[in-house]
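What follows is a set of notes on a single structure, which appears directly below.
The values are calculated or read from the model by the stated rules, or taken from the named source; none is laboratory data. The structure presented is a predicted model; accordingly, all values stated were derived computationally and were not measured. Ligands, DNA and RNA are stripped out before the accessible areas are found, and what is left, the full protein with its side chains, is counted by its heavy atoms. Shrake-Rupley method; radii C 1.70, N 1.55, O 1.52, S 1.80 Å.
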Amino acid sequence: MMSYGRYSWSSQSYQSKSYHSECHSGNPLVFTTHDGIEVYAGGSSRSGGWWKMNPLPDFAMGPDSEVRKGYSQLLEMDFPDYGVPRDCTVEFWVALAADLRERGIKTVHAMCMGGHGRTGIQLACLRWHLATEEERKAWPDAHTLITHIRDNYCQKAVEADKQQEYVAKM
């Protein structure tokens, strides 16, 4: 079992990509890292959720109130709706990104209920911390990074001001 402060987890065609004219549904692929880690996302109220993927992702994460238990590769986060994750510092995200690589994780799923605010935070933080220094140059500030996530996933990603501020700090 790997621990990230208060958070811990122990040690598989996906639904088709959703082209979001209005909003996303299912579990679309949001980005692939330079070393081949595919990051998917979705909202449980929008036909998404790691348990709907076939095969299942190597690793899934999200608010403890939304992710379903019963999967050994699941990170449950203390993460209130319209809020930010509690006790997840920069060090948490750095350790998580390093651990995903160390364990050879190739598919990650990030989620919350609606697949917007909290999912957007996870996506932005994963995108930044899984990127190379060269890739990071494309996102000189949090606004540019959030816009990148919105352009590749959903325009509603990272909803609240405090969520945008959190991404800026991470």
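Some notes on this structure:
- Tensor-based shape of the chain (alpha-carbon gyration tensor, a/c under 1.5 rounded, otherwise prolate or oblate): rounded
- Here the accessible area is traced with a 1.4 Å probe on the protein chains. For the chain, carbon and sulfur cover 48 percent of it.
- Cross-link partners of Lys156 among aspartates and glutamates (Cα-Cα below 15 Å; sequence separation of 8 or more within a chain): Glu22, Asp81
- A 1.4 Å probe run over the protein chains yields, for the chain, 46 Å² of accessible area per residue, whole-number rounding.
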